[in-house]
Amino acid sequence: MQYKVLGKTGLKVSVIGFGGIPIQRCSKELAKESILRAEELGINFIDTARGYTVSEEYIGSALEGRREKWVIATKSMARDKESMARDLEISQQNLRTEYIDLYQIHNVRTPEELTKVMGVGGAYEALQEAQYKGKIGHIGISTHSLDMLNQILETGKFSSIMVAYNIVENQGGKAIQRAKELGIGVIAMKPMAGGGIDDARLALRYIMQNDAVTTAIPGMGSIKEVEENAAVVNDISRLTKEELAKIELINKELGSHFCRRCGYCTPCPEGIDIPTMFLLSGYKERYSLGAWSEERYKSQSARAIHCTECGACETKCPYDLPIRTMLKSVRKTFAE
């Protein structure tokens, strides 16, 4: 296994980390077996979130008695101080640890959200206090928006940034390089484009070519996936002509119907969070997280079924996606 230092944190993390979304669909026993196998193969960075149902609990159970071998990261959608402090306490209980290496503010999507998070009584304030008390080591943040990524980087307030980066979602390349210049660790989420890319080896090799990425966190739900992903670090050679040709093909085929979650299509006149519609649909179709994605989908006040097909979103999409047609597919996925 290879390791890099996560920005200025001093945390030495494996270049392939353990993404904690898929273990929601596992048994606790299988989750533990997968995590321990990852440890044997040198993986030492694991990421989860308060919103991933049993993921934190499974990880906490698996790492009990071996906490010192891992760099643990989790995150919360809380935006205010009180809610964040409460979520942090729950995370500590679930993960069975008094100290979390990296606590992240989860999926900040708009300037208004960032202002709330960073303001008086905001979530960031709770994490600063927790850091002072020794409950967490470092503060990170995640976003799917390129505009927000650029804005977040310039705040100078975060030790790491988690961003979608893969063969199809590579629009953040310049921002990732900027993060490196600023000494901010980069965690590449969705390395398989949310399950859209079948060739895991190629997907991870593509990411590893970018020296500004600290670690990639493919979701892992089995020992087989752990072993396949960990093995990629043994091949750090430059991409071959054949691989580059396949990457171009993936971009051509998947890119024409793949949402990069840039958010330019919003706001929708009907209030539909369009990128989230596609994200949740992908979780159900490609990650086999039916119940979890269904619950999150139904919690949305405006869903794909509320689309009036006005087409305003398509005129703003920089990738010319057939959004109206794609939303119809989302309706089929969730049977509404």
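Annotations
- Order of D273, D235 - criterion: other Cβ atoms within 10 Å of each residue's Cβ, fewest first: D235, D273
- Electrostatic tally near L249: other residues with Cβ closer than 11 Å to its Cβ, Lys and Arg +1, Asp and Glu -1, net -3.
- Any cysteine of the chain lacking a neighbouring Cys Cβ under 4.7 Å - listed by number: C26, C259, C262, C268, C307, C310, C317
- Annotation: the residues V330, V5, sorted from fewest to most other C-beta atoms within 10 Å of their own C-beta, follow the order V5, V330.
- Cα gyration tensor shape for the chain, rounded if a/c is under 1.5, else prolate or oblate: rounded
- Interchain or long-range residues, amide H under 5 Å from D80's placed H: A123
- Centroid-to-centroid separation of the stretch 117-183 and the stretch 214-257 [C-alpha atoms, Å]: 25
- Projected label distance in nm at M1 and E314, using a 7 Å step from Cα toward the beta-carbon: 4.7
- Helical content alone sets the calculated 222 nm signal of the chain at -12500 deg cm²/dmol, taking -39,500 (n - 2.57) per DSSP H segment of four or more residues and averaging over every residue.
- In this simple spin-label approximation, I305 and D198 carry label points 7 Å from Cα along the Cα→Cβ vector, and these lie 3.3 nm apart.
- Loop-resident sites, the stretch 74-155, for trypsin sites (Lys or Arg not before Pro), counting at most 12 other Cβ within 10 Å (DSSP): K133
- Around M1: net Lys/Arg minus Asp/Glu count, Cβ-Cβ under 12 Å: 0
- The overall shape of the stretch 274-333, judged from the alpha-carbon gyration tensor, is prolate: a/c is not under 1.5, and a/b is greater than b/c.
- Förster-model FRET efficiency, 22 Å R0, T325 and Q177, C-beta, rounded to 0.05: 0.05
- Using a Förster distance of 41 Å, the FRET efficiency for N234-E98 (Cβ separation, nearest 0.05): 0.70
- Taking 17 Å as the straight-line reach from the Cα of K133, the aspartates and glutamates in range (excluding those fewer than 8 positions away in the same chain) are E82, D87, E89, E98, D101, E125.
- Bridge orientation summary for the stretch 51-139: considering DSSP beta bridges with both residues in this region, about 10 percent are antiparallel.
- Cα-projected label distance for E82 with S27, points at 7 Å along beta-carbon direction, nm: 4.2
- Among the GluC sites (Glu not before Pro) found in the stretch 81-155, those both in a DSSP coil and sparsely packed, with 15 or fewer other Cβ atoms within 10 Å of their Cβ, are E98, E154.
- Over the chain, relative contact order from alpha-carbon pairs under 8 Å, at least 6 apart, %: 17
- Likely footprinting exposure, T53, T333, fewest C-beta neighbours within 10 Å first: T53, T333
Read-outs throughout are calculated quantities, based only on the coordinates presented, and are distinct from any laboratory measurement. This is a predicted model, so every value here is computed, not measured. Reconstructed Cβ throughout: ideal geometry from the backbone, glycine too, with neighbour counts over all protein chains shown.
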